[in-house]
Structure formats: structure tokens, C-alpha cells
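Notes follow the structure.
What follows draws every value from the coordinates through simple rules; no lab data is involved. All of these numbers come straight from a predicted model, not from anything done at the bench. Cβ placement follows ideal geometry from the backbone for every residue including glycine, while neighbour counts extend to all protein chains displayed.
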Amino acid sequence: PAGLSAGTFPAKLWRLVNSPRVRSVRWDSRAQGLLIDRCLLERELLSSGHAHRGRGRGPAPVPHTFRATQFRSFVRQLYRYGFRKVPGWVGSAAPGDAGAWLHYCNPCFRRDRPDLLLRIKR
């Protein structure tokens, strides 16, 4: 939305969760929260060596988006911007998924309301 800097954490996260190239972050079934595969996120978005992946097979690597290189730093950013872990939810994001997904929510981070991103502050 107009007025939101593309370099902010919420804007970057919004682009990632809506990108078909990103497999480690998805919307939950109600499109009101994030499902995050920790292991995949570490390889796909946080690892400094991820730019060397994907040559010749699979999707092109995702450009390095976050300054964080460790999952706990990424989660710290989520908490700084008002996201909270949904307790007791660990499971698959879609039928056939093998990974365990972590669920985080912020009332102003919804797929159908990009205008609410302006309300997410540090």
C-alpha cells in the first residue's frame, strides 16, 4: 500500500508469503496467519550460502531478503512487529507435507487486507 516502505520487515514478509517462489512461508487456512517451516526457511531465506543453490534444478533461489541469518533472530523480528506464536499448533500446511509448520499471527497481517500493513509498527 501507498505509504509503506518496501524495505520494512512487514513489507518484505508480505512479499515473501505471497511469492510462488517461496516455499518456507505460507498463509494459514484462514489467510490470517503465517505458517513457517523452520528448516526450510533457514535454507531458503536465512542461510548466507543459499545463493549457490538451485543451479540446474528446482526453482531459482530466492534473493537474500532479511538481515537475520539465524531463525531465532527472524522470530525476534516477528515478535518486535507484534506477531505472536499460536500455541499448540504444529502440523502440516497442506496434505502430503512432511515438515512441521509453526504458526504466527498478527491481527494486521492478513492476505485480504494489505492496507493493514501500515498499522504494523515496531
Q. Amide H to amide H under 5 Å from residue 27: which residues, 5+ apart in sequence or cross-chain, H placed 1.01 Å off N in plane?
A. 35
(Q) Place a point 7 Å from the Cα of residue 40 along the Cα-to-Cβ direction; which residues of the stretch 4-30 have their backbone N under 11 Å from it? (A) 21-27
**Q.** Ranked packing of 11-17, 75-81, most packed first, by mean Cβ within 10 Å
**A.** 11-17, 75-81
Q. Could you give the nm distance between label points at residue 4 and residue 71, where each point is 7 Å from its Cα heading toward the beta carbon?
A. 2.6 nm
